[in-house]
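Have a look at the structure below, then the notes.
The values are calculated or read from the model by the stated rules, or taken from the named source; none is laboratory data. On a predicted model such as this, the values are computed, not experimentally measured, just so you know. For neighbour counting, all protein chains shown are included, and Cβ atoms are generated from backbone atoms with ideal geometry for every residue, glycine included.
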Amino acid sequence: MLLVEKTDRVAVVTLNRPEAMNALSRALRAALHDAIVALSNDPEVSVLVLTGAGRAFTAGLDLKELGSDPKGMGAANATGSSENPVLAIGECRKPIIGAINGVAITGGFEVALACDVLIASTNARFADTHARVGIMPGWGLSQKLSRTIGVYRAKELSLSGNFLDARTAYEWGLVNRVVEPEELMPAAMKLAADMASIPAETLCLYKEIIDKGYDLNFGESMALEQKLSTANNRTVTPEMVEARRAGIQARGRTQ
């Protein structure tokens, strides 16, 4: 139900329950957690790409499983990363690119929002159906969505349960770019390769500075940047900068 393929410092993680629209069953959530932990600690991997098999990214929690389990709804408010895939993704030190191949619904929308970068197929659609199911989000959607696309647009989506198409998602700033379905994985892999050409420890530290700073007010975030930047930059020598300068110049001529 979960596929992992590693190539040139990039790991592609595929949710593989297409017959169930990649619904996040308890077993799939546990498998995703274990894979992310392993890849986060894998010295041969610098970047992850998360996608889904078939016509869905993920439809969120497995409602069929929840409907037959009296304790199942606890998953919507799980505080452990083995049960809460958003926490599992958030605990990954390495960048995660979400390649949104199809629908990302409710909990699946929350999983998409947990990624660091989103590239969407023209087949992608997003929906928050929490209210229509009669539950409240517990994986962060009510707070992250408004911070991403603005409170008025977030209310429109969450209080209607309506779907948002990929092009509008791009216009609203929800996804980084939209490509044709056959171009989705090549685009995601190209960006992942660009990231993976940077030393993994540098990627991890820069992601940490951005993420931790985003949770603070501006003054606190600037102080955090100064603290972490100073500690890192003290270890960088002029010789190290010079050694990498030629590579940066070469990229500037080809991009």
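What do you reckon, is Leu216 part of a loop (DSSP other than H, G, I, E, B) and not small (Gly, Ala, Ser)? In short, yes. Residue pairs whose Cβ atoms lie under 9 Å apart, separated by 6 or more positions or on different chains, with the first residue in region 209-236 and modelled with pLDDT of 95 or more and the second among the aromatic types (Phe, Trp, Tyr) and in a helix (DSSP H, G or I), are Ser221/Tyr214.
The combined condition, being part of a loop (DSSP other than H, G, I, E, B) and touching a strand residue (DSSP E or B) at 6+ places or on another chain (Cβ under 6 Å), is not fulfilled by Val13.
When you look at Ile248, is it within 17 Å of the chain's Cα centre (by Cα), free of Cβ contacts under 8 Å to residues at least 40 places away in the same chain and not assigned by TED's automatic domain parsing to the domain that holds Cys92, yes or no? Steps first, answer last, please.
Working: within 17 Å of the chain's Cα centre (by Cα): no; free of Cβ contacts under 8 Å to residues at least 40 places away in the same chain: yes; not assigned by TED's automatic domain parsing to the domain that holds Cys92: yes.
For Ile248, the condition - within 17 Å of the chain's Cα centre (by Cα), free of Cβ contacts under 8 Å to residues at least 40 places away in the same chain and not assigned by TED's automatic domain parsing to the domain that holds Cys92 - is not met.
For region 22-63, the tally of residues that are over 25 Å from Asp128 (Cα atoms) and assigned to a loop (DSSP other than H, G, I, E, B) stands at 6.
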